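Notes follow the structure.
The values are calculated or read from the model by the stated rules, or taken from the named source; none is laboratory data. Owing to the predicted nature of the structure, the values given are computational and were not obtained by experimental measurement. Methodologically, a virtual Cβ is constructed for each residue, glycine included, from the backbone with ideal geometry; neighbour enumeration extends over all protein chains shown. For accessibility, only protein heavy atoms count, side chains too; no ligands or nucleic acids. Shrake-Rupley method; radii C 1.70, N 1.55, O 1.52, S 1.80 Å.
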Amino acid sequence: MLLKKEEIEHIGWLARTELSETEKELFEKQLSSILDYFAVLDELDTEDIEPTYHVIGIKDVVRKDEPKEALSQSEALRNAPKKEKGYIKSPRMF
Amino acid sequence: MGMKKKLTAIDVVEEIKSGDISCEELILEIYERIERSELNCFITLNKENALEEAIEVDKRRSGEECRRKKLLGVPIAIKDSISTRGIQTTCASKILTGYVPPYDATVIEALKKEGAIIIGKTNMDEFCMGSSTETSYYGPTRNPHDLDRVPGGSSGGSAAAISAGETVLALGSDTGGSIRCPASFCGIAGLKPTYGLVSRYGLIAYANSLEQIGPMASNVTDTALLLEVLSAKDERDSTQVKTKNNASTNYCLSWLNGKRSGNGGEGVGVEVEVKGMKIGVPKEFIEGVSPEVEKSVWNAVHKLEDSGAIYEEISMRDLKYALAAYYIIAMSEASSNLARFDGLRYGLRTGKDEDWHTTFSRIRGEGFGEEVKRRIILGTYALSAGYYGTYYLKALKVRTLIKNEFEDALKTHDILAMPTMPFVAFKLGERIKDPLSLYLADVNTVSINLAGVPSISVPCGFSNGLPIGLQLVGKHFEEDEILKAAFVYEQTFL
Amino acid sequence: MDVKIGLECHAQLLTKSKLFCSCSTDYHDSKPNTHVCATCLGLPGALPVVNERAIRYGMKVALALGCEVQEEIIFYRKNYYYPDLPRGFQITQYDFPIAFNGLVRIESGGGDGGKEREIRITRVHMEEDPGRLVYIGTIDTAKYSLVDYNRSGMPLVEIVTEPDLKSPKEARIFLGKLRSTLEYLGVFDGDLEGAMRVDANISLEGGDRAEVKNISSYKGVERALSFEITRQKNLLRRGLKIQQETRHYDETRGITLSMRTKEFEHDYRYFPEPDLVRIRISDRIEEIKREIPELPDEKKKRFTSQYSITTEHANSLTYDINIADFYEEVASKIDMKLSATWIADVLKGELNYRSISMREASKRISTADFVAILRYLKDGVITERGATEIMREMLDRGGVKPEEIIKSKGLASIGSEEIEGAIDKVIKENEGAVEDYKVGKKEALNFLVGQVMKHTRGRAEPKEVRRLLVGKIESEF
């Protein structure tokens, strides 16, 4: 069993994604077998291989420092479920 | 007016410009079809706007401006992972219910510029995570060839809609096969462009280093035309290669202007396009596919041979590691891309606000489906302290090996040919309970995304009435070669 | 006690648009959420594109701090969750920053006669600012927070020091030097709200480090660190261990609060930003080096020799580039030492009192005006007090010339006859005070001087008045 329930809970916290008890139990089984499958990569010796971050390998893409029109305040806030005086309302911190 | 034969986009544009069909009538008929449909292809319809635009098109069709538009009046369906201004965009997830983007994706701007009419947003696997369109919050889409079967995924809604005549063109996105798989299962054409050809600005990200928006249509020529429109240059995407835009599709299009082929015989001249073309058939892609699929694909390869191409069986040894590498990379990127869904600026915000972290976690727990949560957990794990080297970094190194392997194979061959999917459409509910079995279905498509090469899937046969897909893979930015070969094959098939 | 302090300074750069999108950076006086776009608001599907000028500015800072600029830079994602972080990750730099290994020289904060200290710079890199959280109340008592994303995506240069600073005072001195340098480069404006934010690491006697976050003023740094040292000393005295933790500085209460709760444990899961590509920067180094102007240390040296002024004056004049430029302009026209005194000691004081910047002040009192004032002073047309008054008037009102003020306030110095006349009058009218002085009450003289000043409406030189008064009183006997 590669991933135990407690570890899954901890990862769920790291990812800020609440999991139900059923989900945690289900994932315990499923994720372990998926990780087992991923272990096939251990067969390969990649010590001297460079990782590929960008498959096309382009570099140096930059933009000129020219300001452009922003969204209007109403456009910016249109989808916000809770707002107040032009601000977006967030739950308290603690 | 008739939808007796399946209208192609090329036909629509021509006939609208010549006045032979009314755009308004065409759009109305499309919506009628959608409303009668049992397939569940669409999440949101854009009926009011579409009809208004259609009426406009009919009015101005003969004007100078309209005559220049490449997709004038063509109905197009958009996968719901692509941002459309003013039209709800959900990624088939509960967490984005009601989200209306204040901006259009670059591809949408390009489509509008060429006069296409957006008829609605299509169903998909939630956040593109799946190969069957079964993880959608809005229920699965059904395969038009058999209502008890999946249309493939994640762009299942788009593929099924084309197949059923509920649209003429469609957009999909392909991270690990999400255009090609449903194209194969639904018997239509779907192309994943070279990574960096089409701007991703506006595509709700699943795995940034792997995905591309791509064209889906009922035939190769339409696919080529749509691709040309989609590959507009865009300053807003740093990963787009600016020197390779508006993929040259002259081959397909020039055939139409003058030498329109339709029923064998008249297709004179097109075969010359594949004469001497070297096709590699990697045996690793054929091993393990179902017998009917294998037979069908070999028939297709032989047909191309009859047209003058030369094929050769080759071996690509490292392909068996592609699936694991793909999923690790995709899940890792996804876990980060989906972190923004917190209910503050958009999306789900149910229940009482407690403290920030608790509220945030609860909303995401409620708003994400099971598959999405699975991938977020795995992706977070793969990136977490202590595991980064084992999983993410390792997968990136394996990616190098896969990429090299494709480049090697394509040094000595012009294109590669193989089945798109190892089998035909499976039954709804058949694989969804076993995530790993679904992941394994992607075995023929994911390596292409890892290498970033372009690939098209075209129908090449049936097995018990269910479509089989032929996949053609080309070199980076050489979409013309695979389009050429696909077109020639299509002509022989007709 | 052996104190080790390291700073992480985040300075907003003066580009016209944000780091990864084209929103204008001119948000400081705007309504909330009016300088945002799909990218800096974190809308799904939006992509970042790097601002070239921001990179150049970052390189300029690195070079000015004596750092080794690298070949290529890569942007990374730092994954964590906060309402002001719209994407759930910050795009920053990790393994391939702009530069490593620099050095800043400051005056020691200890009492060892202002010896120079070398503070090592670990690295300089670029990152984006998150949005701004407004709490109704304080962070731990607020019922909810309000978020403004105008600041989200602003370009920041982060300067990290080794733990070479030995006291809160030294930390403040370092920040002053840093601010000065950044303003000299023209890439930073310390007067903008929130332009510089600092996190500090502090450890005592080689114990564990505590990190203090959320310091956004120069005074705040000294206060926060002093509080921390006291807190840590108290713990040690009681035999308790200092926890390695993150603490939040509360500006209002001047204290640091423990943030060591589950919410603040982070696994940032850094990985390279897939939506951005590598950028080669080493080819721009020479060009940018040439753009670097004379920096504070050099200017200070030059001022002491070129203008024959004291080190203290040179220090004071070169802290703010605008004051330095103002001084040089003035000193080129009139007495260098007089200019130095009047700018470093008087003008600066007036600016501080009014909390206005030199840039603002020079709109109201030009170098030409200042030269004029000093000339009048030198020629005896006005007294020192008069000169001060003219300066104050110009700063307060703006749009007036020295000559107008001299006239309207009657500040022209008066001749000795008038002074003598006033003195006589005052002596006559204040016999009591005169008597007091004669019997030895020295304060009575101050009163009499004051009366003369009143009579002459400040146009007489106080020293001169005192001398004449004493002379007159004592000569009567």
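Out of all the residues in region B:343-367, which are open to solvent by 10 Å² or more (accessible area, probe 1.4 Å), within 7 Å of another protein chain (Cβ to nearest Cβ) and not in a helix (DSSP H, G or I)? Selection gives B:Arg349, B:Asp353, B:Glu354, B:Asp355. Only one of the listed residues (B:Tyr381, B:Tyr439) is farther than 27 Å from B:Thr194 by Cβ and part of a helix (DSSP H, G or I). That residue is B:Tyr381. Of the candidates B:Glu48, B:Glu35, the single residue that is more than 30 Å from B:Arg349 (Cα to Cα), open to solvent by 10 Å² or more (accessible area, probe 1.4 Å) and among the charged types (D, E, K, R) is B:Glu35.
Yes/no per residue for (1) in the same structural domain as C:Glu72 (by TED's automatic domain parsing); (2) hydroxyl-bearing (Ser, Thr, Tyr); (3) under 30 Å from C:Glu72 (Cβ atoms):
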residue: C:Glu251; (1), (2), (3): yes, no, no
residue: C:Thr256; (1), (2), (3): yes, yes, no
residue: C:Pro274; (1), (2), (3): yes, no, yes
residue: C:Arg284; (1), (2), (3): yes, no, yes
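The residues in region B:442-479 that are under 23 Å from B:Met316 (Cβ atoms) and outside any loop (DSSP other than H, G, I, E, B) can be counted, and the count is 21. For region B:139-159, indicate whether the set of residues that are within 14 Å of chain C (Cβ to nearest Cβ), at pLDDT 95 or above and part of a helix (DSSP H, G or I) is non-empty. No, that holds for no residue.
Matching residues to (1) open to solvent by less than 10 Å² (accessible area, probe 1.4 Å); (2) more than 7 Å from chain A (Cβ to nearest Cβ); (3) under 24 Å from C:Gly88 (Cα atoms); (4) assigned to a loop (DSSP other than H, G, I, E, B):
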site: C:Leu41; (1), (2), (3), (4): yes, no, yes, yes
site: C:Pro48; (1), (2), (3), (4): yes, yes, yes, yes
site: C:Arg56; (1), (2), (3), (4): no, yes, no, no
site: C:Val61; (1), (2), (3), (4): yes, yes, no, no
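How about region C:15-33: which of its residues are within 10 Å of chain A (Cβ to nearest Cβ) and surrounded by fewer than 20 Cβ atoms within 10 Å (Cβ to Cβ)? Matches in region C:15-33: C:Lys16, C:Ser24, C:Asp26, C:Ser30, C:Lys31. Every condition in (1) at positive phi; (2) more than 14 Å from every other protein chain (Cβ to nearest Cβ) holds for B:Gly452 except the one numbered (2). Within the bounds of region C:376-386, is there any residue that is open to solvent by 60 Å² or more (accessible area, probe 1.4 Å) and out of contact with any helix residue (DSSP H, G or I) (no Cβ under 9 Å at 6 or more places or on another chain)? Yes; the residues of region C:376-386 include at least one that is open to solvent by 60 Å² or more (accessible area, probe 1.4 Å) and out of contact with any helix residue (DSSP H, G or I) (no Cβ under 9 Å at 6 or more places or on another chain). Checked against (1) under 30 Å from C:Ile73 (Cα atoms); (2) at pLDDT below 95; (3) more than 7 Å from chain B (Cβ to nearest Cβ), A:Pro67 passes all but condition (2).
Does C:Lys428 satisfy the criteria of being more than 30 Å from C:Ile356 (Cβ to Cβ), out of contact with any Leu (no Cβ under 8 Å at 6 or more places or on another chain) and not in a helix (DSSP H, G or I)? Criteria not met by C:Lys428.
Restricting the search to region A:27-50, which residues are facing chain B (nearest Cβ under 8 Å), surrounded by fewer than 17 Cβ atoms within 10 Å (Cβ to Cβ) and farther than 15 Å from B:Thr390 by Cα? If the condition is that a residue be facing chain B (nearest Cβ under 8 Å), surrounded by fewer than 17 Cβ atoms within 10 Å (Cβ to Cβ) and farther than 15 Å from B:Thr390 by Cα, then A:Ser33 is the only one that fits.
For residues in region B:79-98 being more than 23 Å from B:Leu230 (Cβ to Cβ) and touching a Gly at 6+ places or on another chain (Cβ under 6 Å), which is farthest from the other protein chains (Cβ to nearest Cβ)?
Taking region B:79-98 as the starting set, the residues that turn out to be more than 23 Å from B:Leu230 (Cβ to Cβ) are B:93-98.
Remaining after also requiring touching a Gly at 6+ places or on another chain (Cβ under 6 Å): B:94-96.
Values: B:Lys94: 13, B:Ile95: 10, B:Leu96: 7 Å.
The qualifying residue farthest from the other protein chains (Cβ to nearest Cβ) is B:Lys94.
The single residue among C:Glu162, C:Glu193 that is surrounded by fewer than 23 Cβ atoms within 10 Å (Cβ to Cβ), modelled with pLDDT of 95 or more and not polar (S, T, N, Q) turns out to be C:Glu162. Checking every residue in region B:273-283 against the condition of being assigned to a loop (DSSP other than H, G, I, E, B), modelled with pLDDT of 90 or more and closer than 29 Å to C:Gly45 by Cα gives zero matches.
Can you spot a residue in region B:402-416 that is of a type in the set (Ser, Thr, Tyr) and either outside any helix (DSSP H, G or I) or crowded, with 20+ Cβ neighbours inside 10 Å (or both)?
Yes, because at least one residue in region B:402-416 is of a type in the set (Ser, Thr, Tyr) and either outside any helix (DSSP H, G or I) or crowded, with 20+ Cβ neighbours inside 10 Å (or both).
In region B:391-418, the residues that are facing chain A (nearest Cβ under 9 Å) form Cβ pairs under 6 Å with partners that are among the charged types (D, E, K, R) and open to solvent by less than 30 Å² (accessible area, probe 1.4 Å), at six or more places apart or across chains, as follows: B:Leu401/B:Asp318; B:Ile402/B:Asp318.
Among the residues of region B:420-441, how many are within 14 Å of chain A (Cβ to nearest Cβ) and either open to solvent by less than 10 Å² (accessible area, probe 1.4 Å) or out of contact with any Leu (no Cβ under 9 Å at 6 or more places or on another chain) (or both)? Residues meeting the conditions: 8.
Within the option set A:Ile88, A:Ile8, being open to solvent by less than 90 Å² (accessible area, probe 1.4 Å), within 7 Å of another protein chain (Cβ to nearest Cβ), in contact (Cβ under 8 Å) with a residue 12 or more places away in the chain and within 27 Å of B:Asn208 (Cβ to Cβ) holds for one residue only, A:Ile8.
Return only the number of the condition from (1) part of a helix (DSSP H, G or I); (2) touching a strand residue (DSSP E or B) at 6+ places or on another chain (Cβ under 6 Å); (3) among the charged types (D, E, K, R) that B:Lys373 does not satisfy. The one condition B:Lys373 does not meet is (2).
Yes/no matrix, rows are residues, columns are (1) open to solvent by 20 Å² or more (accessible area, probe 1.4 Å); (2) not aliphatic (A, V, I, L, M):
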{"site": "B:Pro291", "(1), (2)": "yes, yes"}
{"site": "B:Val297", "(1), (2)": "no, no"}
{"site": "B:Ala300", "(1), (2)": "no, no"}
{"site": "B:Asp306", "(1), (2)": "yes, yes"}
{"site": "B:Ile310", "(1), (2)": "yes, no"}
{"site": "B:Met316", "(1), (2)": "no, no"}
{"site": "B:Lys320", "(1), (2)": "yes, yes"}
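Selection of region C:389-402 for residues being within 13 Å of C:Asp369 (Cα to Cα) and exposed (fewer than 13 other Cβ atoms within 10 Å of the Cβ) yields C:Gly398, C:Gly399.
Residues in region C:112-148 that are surrounded by 15 or more Cβ atoms within 10 Å (Cβ to Cβ) and free of Cβ contacts under 8 Å to residues at least 12 places away in the same chain: 3 in all. The residues of region A:73-85 that are open to solvent by 50 Å² or more (accessible area, probe 1.4 Å) and out of contact with any Pro (no Cβ under 7 Å at 6 or more places or on another chain), listed by number, are A:Gln73, A:Ser74, A:Pro81, A:Lys82, A:Lys83, A:Lys85.
Taking each residue of region B:309-320 that is more than 14 Å from chain A (Cβ to nearest Cβ) and looking for partners that are of a type in the set (Asp, Glu) and in a helix (DSSP H, G or I) with beta-carbon atoms closer than 6 Å, six or more apart or interchain, yields B:Tyr311/B:Glu305; B:Met316/B:Glu284; B:Met316/B:Glu405.
In region A:12-26, the qualifying residues are those that are facing chain B (nearest Cβ under 7 Å) and more than 14 Å from C:Tyr81 (Cα to Cα), and the one that is most open to solvent (accessible area, probe 1.4 Å) is A:Glu18.
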